[in-house]
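Before any comments, here is the structure.
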Amino acid sequence: MLVSTMFQNDMSLISTMNIKGDVLIVNQSNNDADESFISNDTRIRFISSKERGLSRSRNIAIKNSSGDICLFADDDITYNDDYIETIREQYKMNPSADIIVFPVPSLNPERSKSYSKKIQRIGYLRSMRVYSYEISFRRDAVIRAGVSFNELFGAGSGKYSCGEENIFLFDCLRKRLRILFVPKKIGVVSHSSSTWFNGYDDKFFFDKGAMFYAMSKPMAIAFILQYLFRKRKLYKNTTGFCGALKSMINGLIDYKNLIEEKRKDL
């Protein structure tokens, strides 16, 4: 269990999230610390870090992980009692899978999401519908592939507020990792609040444009257009098509220029 959280003062998350197995908690706070202990036969490692950003937290978790199979977790998830058995069983049944995505439905009607009832291979297009807390993975496969989260993206990154998990999965697919979706629910997420979502405004679409370019330079414009046509209801009462398109193109250009500047500095 790789839990990303902020400003925790105790271990209460373990009970509120119904965590059953070994857990690594990355707690972004105002101090740096690294503690390990055992409670009720559960190994707990609690890393506090002054660094900020969800992607940075995920990368710290990957770097310090030790289990054969890992699961990304947010602190607003409550897991089923049998979630560990479910995950273990599916990896045994699908030995060629490097990453398995599991349903974690939202209790917030405004953040609801439909899931397939069938096992599916996840490619580039389907990976765009995956959230990070749905992702489990074989640690050795991800470490061997050298994949990590782009720290310019994600809540608290200071630049682009979303899309880190989609970029991560695109990178995994480019490294030929095999990704499956298995329709076995492992928990629920409350989504009672968001640290990054403030509505379908210019910033939302700006960040989406940057995300699509980070995912695939050659396909970025195609991804932008398909997204705008599929998600017309999102912006019809806010930015409108032209406004959303302009913001996404501006985000794409902003990220492209940022990458080019970084290359010049190398």
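The values are calculated or read from the model by the stated rules, or taken from the named source; none is laboratory data. All values reported here derive from a predicted model rather than from experimental measurement. Cβ sites come from the backbone with ideal geometry, for glycine too, and all protein chains shown count toward neighbours. Protein only, heavy atoms only, side chains kept; ligands, DNA and RNA dropped before computing areas. Shrake-Rupley method; radii C 1.70, N 1.55, O 1.52, S 1.80 Å.
Model label sites at Ala33 and Asn9, defined 7 Å from Cα along the beta-carbon direction, differ in position by 1.2 nm.
Using a Gaussian network model on the chain with a 10 Å cutoff between Cα atoms, which of Met215, Met248, Met93 fluctuates the most? Largest GNM mean-square fluctuation: Met93.
Of the residues Ala214, Ile62, Thr78, the one whose Cα sits farthest towards the positive end of the charge dipole of the chain is Ala214 (charges of +1 on Lys and Arg Cβ, -1 on Asp and Glu Cβ, taken about the Cα centre).
The three principal axes of the Cα atoms in the range 122-193 give end-to-end lengths of 34, 31, 23 Å, sorted in falling order.
Please report, as a whole percent, how much of the solvent-accessible surface of the range 71-223 comes from carbon and sulfur atoms (probe radius 1.4 Å). Let's see the in-between values first.
On the way: 3610 of 7240 Å².
Summing carbon and sulfur atoms, their accessible area is 50 percent of the total for the range 71-223.
Count charges around Asn18 for me, please; just the other residues with Cβ under 13 Å from its Cβ, Lys/Arg as +1, Asp/Glu as -1. Present the calculation step by step, with values, prior to reporting the outcome.
Numbers: positive: Lys20; negative: Asp75, Asp76, Asp81, Asp82.
For residues surrounding Asn18, the net value is -3.
Using θ = phi - 60° in the Karplus curve 6.51 cos²θ - 1.76 cosθ + 1.60, the 3J(HN,Hα) couplings for the range 88-93 round to 4, 4, 5, 6, 5, 6 Hz; x is entered for Gly and Pro. Go ahead and run the numbers for FRET between Lys264 and Arg139, Cβ-Cβ distance against an R0 of 45 Å, rounding to 0.05. Efficiency at R0 = 45 Å is approximately 0.80. Legend: Rg and Dmax of the chain, from Cα coordinates, 18.5, 57 Å. The string of couplings for the range 3-10 from the Karplus curve (6.51, -1.76, 1.60, θ = phi - 60°) is 9, 9, 8, 9, 6, 8, 10, 8 Hz, one whole number per residue in order, with x for Gly and Pro.
Please get the size of the charge dipole for the range 53-185, origin at its Cα centre, with Cβ charges of +1 on Lys and Arg and -1 on Asp and Glu, quoted in debye to the nearest 20.
On the way: 22 positive and 16 negative charges, 137 e Å.
It comes to approximately 660 debye.
Classify the range 33-163 from the C-alpha gyration tensor, please: rounded if a/c falls under 1.5, else prolate or oblate depending on whether a/b exceeds b/c. Taking the square roots of the gyration eigenvalues as a ≥ b ≥ c, the range 33-163 is rounded. Once Lys and Arg get +1 and Asp and Glu get -1 on their Cβ, which of Tyr227, Ile186, Phe205 lies farthest toward the positive end of the dipole of the range 180-250? Projecting each Cα onto the dipole axis, the largest value belongs to Ile186. Our estimate of slack between Val188 and Ile253, defined as 0.36 nm per intervening residue step minus the Cα-Cα distance, is 19.7 nm. Note that the chain presents 52 Å² accessible area per residue, ligands and nucleic acids not counted, probe 1.4 Å.
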